[in-house]
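The structure appears below as structure tokens.
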Amino acid sequence: MPRPLHLWAFLQGIGHYPSGWRHENAKPADVFSMDYYKRVGQLVERGCFDAIVFGDQIQSRGAGGHTPERLAMPTLDPMALLSAIASVTEHIGLVNTLSTTYWSAEGLAQRFATMDRISGGRAGWNIVTSAHPDTAFNFGEEELPEKSLRYRMAAQVVAEAQEHWRAMNHELGNSPQQRPVFVQAGQSADGRDFAARVAEAIFCPAPTMEAGIAFRNDMRARVTAAGRDPDGVRIMPGLSFILAESEEAAIAKDQALLDLADEALCIEYLSEGLGVDLTTCDPAGPIPEDLILDQTILPRADIARALEKPVATGLSLGKFAAGYVRTPRGHNVFRGTAAQLAEMMITWVDAAACDGFTLQPAYMPGELELFVQEVVPILQAAGVLRSAYPGQTLRETMGLPRWPADMAA
Ligand SMILES: Cc1cc2nc3c(=O)[nH]c(=O)nc-3n(C[C@H](O)[C@H](O)[C@@H](O)COP(=O)(O)O)c2cc1C
């Protein structure tokens, strides 16, 4: 039996390429309509995905002062969007990202308990601690707490939320999953140790198969050291993809999308992602490597690696930004045919580089529709992707123990 492959759709408004909304099969205006979310929910359920995942952005946006007006990645409240999706689907998991640094345990517990109950057991919580320094101002604070402190707070908030779920289950009867599926996204050693203690699934970058194998091995060792079963944790790296009838056509399609990019806007996104204001730099000028490495809030070594080739080839800042922001955090970008993508996914899972993928479509809904129409049937024919859901809850869909061990009385 081949190892089963799990699929998540990471939705971010109209897609993950800043210029994707300009593609002819993108429907940017639709992202403000209920109908759009319903159709996307039904689409991925037809594709037998495990779950839809939304990120969160609780920092003020607008490096350079004008991003909000030109925002190509609108972010509406994911809980409302997931509720709309829940109402027209039966199986698809509903994973929301909410920060333990800024939301209270009780508030978090209530929101996820509501989602789990109204959806029949499909709630998942991507537990993050917020990384962007601008977040603090929105909550009346001067500074983001230091990272290891944020992870200690996260452990505390999760423990308190568990107490709330226990009390609610006692009062109201068990929620279908007792508590949401715990997902974690964080790369540092502190983040990995936190994940090892709590996560049932992990969203991470894996730019290559080797990087995926190294990450998964590292996480499985940490999970084992934390006294948990590593088979109870799904590793789900991000994957951007561009599909076409040939590899050359896919590379050309990717390039055409990059050529549509508004470089100044991409520099704003890059500034926001790196936490370094690059908006006063000349888009046609060189990449300010020293400035970026001095100030970035992301792991310095990862950024140094990402800058190496573009700096050596003399890429302009604008062109670099357009390419970089389509794969923030260094997710893999696949360009090729549906058959090649299916083969790549199966190869990675077979090599134990991951348990599945968190798909980040370049533009919406067109590229995701292509995936469901063309890649899903190949994966199903290969016996790695289900053709029907095994049960009702997200934990059953993900092949995890039905009841979370940490909720045992
Ligand atoms: C792939 C990935 C996606 C993430 N998405 C979000 C997000 O949407 N919102 C958020 O606040 N944090 C997000 N984070 C998590 C934060 O980066 C993490 O909680 C932060 O404290 C940085 O920790 P780290 O250095 O351990 O990654 C994400 C992390 C990763 C790796």
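The values are calculated or read from the model by the stated rules, or taken from the named source; none is laboratory data. All of these numbers come straight from a predicted model, not from anything done at the bench. With ideal geometry, Cβ positions are generated from the backbone for all residues, glycine too; neighbour counts draw on all protein chains shown. Protein only, heavy atoms only, side chains kept; ligands, DNA and RNA dropped before computing areas. Shrake-Rupley method; radii C 1.70, N 1.55, O 1.52, S 1.80 Å.
Looking at the structure I just gave you, is R117 more than 14 Å from the ligand (Cβ to nearest atom), in contact with a Pro (Cβ under 8 Å, 6 or more places away or on another chain) and open to solvent by 20 Å² or more (accessible area, probe 1.4 Å)? Yes, satisfied. Scanning the range 153-176 for residues that are within 16 Å of the ligand (Cβ to nearest atom) and either within 19 Å of the chain's Cα centre (by Cα) or not in a helix (DSSP H, G or I) (or both) yields a total of 1. Go through the residues of the range 374-382 one by one and say whether even a single one is within 16 Å of the ligand (Cβ to nearest atom) and among the aliphatic types (A, V, I, L, M). So far as the range 374-382 goes, no, none of its residues is within 16 Å of the ligand (Cβ to nearest atom) and among the aliphatic types (A, V, I, L, M). Kindly indicate whether L293 is surrounded by fewer than 19 Cβ atoms within 10 Å (Cβ to Cβ) and either in contact (Cβ under 8 Å) with a residue 12 or more places away in the chain or not in a loop (DSSP other than H, G, I, E, B) (or both). In short, yes. Just to be sure, is R179 surrounded by 24 or more Cβ atoms within 10 Å (Cβ to Cβ), in contact (Cβ under 8 Å) with a residue 12 or more places away in the chain and more than 13 Å from the ligand (Cβ to nearest atom)? Considered against the rule, which asks whether it is surrounded by 24 or more Cβ atoms within 10 Å (Cβ to Cβ), in contact (Cβ under 8 Å) with a residue 12 or more places away in the chain and more than 13 Å from the ligand (Cβ to nearest atom), R179 comes out as yes.
Tell me yes or no: at least one residue of the range 123-144 is exposed (fewer than 15 other Cβ atoms within 10 Å of the Cβ), in contact with a helix residue (DSSP H, G or I) (Cβ under 8 Å, 6 or more places away or on another chain) and not polar (S, T, N, Q). The answer is yes; a qualifying residue exists.
Across the range 301-327, the qualifying residues are those that are outside any helix (DSSP H, G or I) and of a type outside the set (S, T, N, Q), and the one among them that is farthest from L270 (Cα to Cα) is G314. With the checklist (1) modelled with pLDDT under 95; (2) more than 18 Å from the chain's Cα centre (by Cα) in hand, flag the one item A362 doesn't pass. Checking A362 against (1) modelled with pLDDT under 95; (2) more than 18 Å from the chain's Cα centre (by Cα), the one that fails is (2). Checked against (1) over 22 Å from T337 (Cβ atoms); (2) within 24 Å of the chain's Cα centre (by Cα), A244 meets all criteria but (1).
With the condition kept exactly as written, say whether any residue in the range 207-222 is part of a helix (DSSP H, G or I), open to solvent by 20 Å² or more (accessible area, probe 1.4 Å), within 12 Å of the ligand (Cβ to nearest atom) and out of contact with any strand residue (DSSP E or B) (no Cβ under 9 Å at 6 or more places or on another chain). No, the range 207-222 contains no residue that is part of a helix (DSSP H, G or I), open to solvent by 20 Å² or more (accessible area, probe 1.4 Å), within 12 Å of the ligand (Cβ to nearest atom) and out of contact with any strand residue (DSSP E or B) (no Cβ under 9 Å at 6 or more places or on another chain). Considering only the range 299-341, state which residues are surrounded by 19 or more Cβ atoms within 10 Å (Cβ to Cβ), over 23 Å from the mean Cα position of the chain (by Cα) and among the β-branched types (V, I, T). The answer is none; no residue qualifies. Taking the numbered list (1) part of a helix (DSSP H, G or I); (2) modelled with pLDDT of 95 or more; (3) farther than 17 Å from V333 by Cβ in turn, E245 passes all entries but (1).
Of all residues in the range 268-286, those satisfying the criterion of being part of a loop (DSSP other than H, G, I, E, B) and either open to solvent by 20 Å² or more (accessible area, probe 1.4 Å) or not β-branched (V, I, T) (or both) are G275, D277, L278, T279, T280, C281, D282, P283, A284, G285.
Yes/no matrix, rows are residues, columns are (1) of a type in the set (F, W, Y); (2) touching a Pro at 6+ places or on another chain (Cβ under 7 Å); (3) modelled with pLDDT under 95:
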position	(1), (2), (3)
G140	no, no, yes
A154	no, no, no
V158	no, no, no
W165	yes, no, no
N169	no, no, no
Q184	no, no, no
Q187	no, yes, yes
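Any residue at all in the range 328-338 that is within 16 Å of the ligand (Cβ to nearest atom), touching a residue at least 24 places away in the same chain (Cβ under 8 Å) and among the hydroxyl-bearing types (S, T, Y)? Within the range 328-338, not a single residue is within 16 Å of the ligand (Cβ to nearest atom), touching a residue at least 24 places away in the same chain (Cβ under 8 Å) and among the hydroxyl-bearing types (S, T, Y). If the condition is being assigned to a helix (DSSP H, G or I) and within 12 Å of the ligand (Cβ to nearest atom), then the range 139-151 contributes K147, S148, L149, R150, Y151.
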